[in-house]
Every structure is written in structure tokens, then in C-alpha cells.
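Worksheet: the structure to be examined is printed underneath.
The values are calculated or read from the model by the stated rules, or taken from the named source; none is laboratory data. Remember, it's a predicted structure, so these values are computed and weren't measured experimentally. As a convention, Cβ positions derive from the backbone with ideal geometry for all residues, glycine included, and neighbour counts pool all protein chains shown.
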Amino acid sequence: MAALEDLVSRRQGSLPRRIGHPGMEDRRSQPDARFRGWSAFVGLQVEYSLLERDIEQELVPMAGEFGLGITPWSPLKSGVLSGKYTRHNTGPSQGGRGAMVDAFLTEQTYAVIDELEIIAKAHETTVARVALAWVGSQPS
């Protein structure tokens, strides 16, 4: 962390830390930075979607405790929640990102997609918009 502080100090004093490192997930990182007078982290960028919610166990509470923002990446789980993949068009993928998402297309995933389709239809919108709205509505 001292090397990171040197970088921050050389670049306009106390720029917020917007990079990640393994120690960032350690609860001791923020208090240690404050104790030493170093610039503290301001946020986390982590995978988060209706299909990837592991961060809710430890990282979301930690972010709340230390006032960190969370920027989710892959809120559509690599396109799985885009509305493009349904149980009605399941089968071997044809190029594009299809091959990449096959591993995520399980019965549990299709159950989530089915529910998203129902909600999207009721609100006259798309599956992707519903999935993104869910991520955006989370307090984290």
C-alpha cells in the first residue's frame, strides 16, 4: 500500500484511489490507510448481476461500512441477461458471444430469465432493462 500511496502522492496530492488490488478486499486496508494518513479507496469495481451476487456477502457490507461506492461490471452476466438467450432458443451457439455464455445457461439461469421476461412484458420493456434496473436499484 505504501507504493500505491507514492503513486497517488506524485499525481496531484490526494487523488482518490480508483484501482483495485487484492488487499483492497481486506477490511484492514481502509483503516490502515487512514491511520497512516494515506489516501483511502473510494470504490470497488466488481462483477454484480442477478446471476452473480457473491459480493452481497462480504463486499457490500464492507463498502457500506467504509463509505465506498460500488461500480458493477457485467450487470448482464456477459450478455446472458440481455434477453437474447431464452429456453425457447436454447441449443448450440453460433459464433459471437454464444460459446462464451453456454456455461452459464443452466436451469437456474433460465428460471431467472423466465421471470425477467414476465416482468419485462408487464412493464412493456426489455429483459435487459429489467436486469439493469435491478442492479441499479440495489442500495450498494
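Values for this structure:
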read-out	value
Helices (runs of 4 or more DSSP H) enclosed by the stretch 19-122 - at least 1 residues per element that are modelled with pLDDT of 75 or more	59-66, 98-101, 107-122
Identity of the residue in the stretch 43-69, touching a Pro at 6+ places or on another chain (Cβ under 9 Å) and of a type in the set (A, V, I, L, M, F, W, C), that ends up farthest from V101 (Cα to Cα)	F66
